[in-house]
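The values are calculated or read from the model by the stated rules, or taken from the named source; none is laboratory data. Computed from a predicted structure; not experimentally measured. With ideal geometry, Cβ positions are generated from the backbone for all residues, glycine too; neighbour counts draw on all protein chains shown.
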């Protein structure tokens, strides 16, 4: 879900959602409750007090969002990106 989609669902501007995500602005309790509701999670999980429910294989929502964006890319762009990732991973494994 994009920041714009989240903002629309909770009734705030996208830039405010960005500031919440970056931690530059405190999130009011009412907004936290709205986040939890649209993300289908609990406030405890949102605040990190409880471990996140596994979402298939990945727990990190930022990673999942990136994978969703990659999935929408044209085939050739996906292949190029995957080749870049593979090259990077090989380099990291050699360290």
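Quick notes
- Helices (runs of 4 or more DSSP H) fully within the range 1-93 that include at least 2 residues being modelled with pLDDT under 85 and out of contact with any strand residue (DSSP E or B) (no Cβ under 8 Å at 6 or more places or on another chain): 43-47, 61-71.
- Of all residues in the range 66-95, none that is more than 25 Å from residue 3 (Cα to Cα) has its Cβ atom under 8 Å from the Cβ atom of a residue that is exposed (fewer than 11 other Cβ atoms within 10 Å of the Cβ), 6 or more apart or on another chain.
- Taking the numbered list (1) free of Cβ contacts under 8 Å to residues at least 24 places away in the same chain; (2) more than 22 Å from residue 69 (Cα to Cα) in turn, residue 40 passes all entries but (2).
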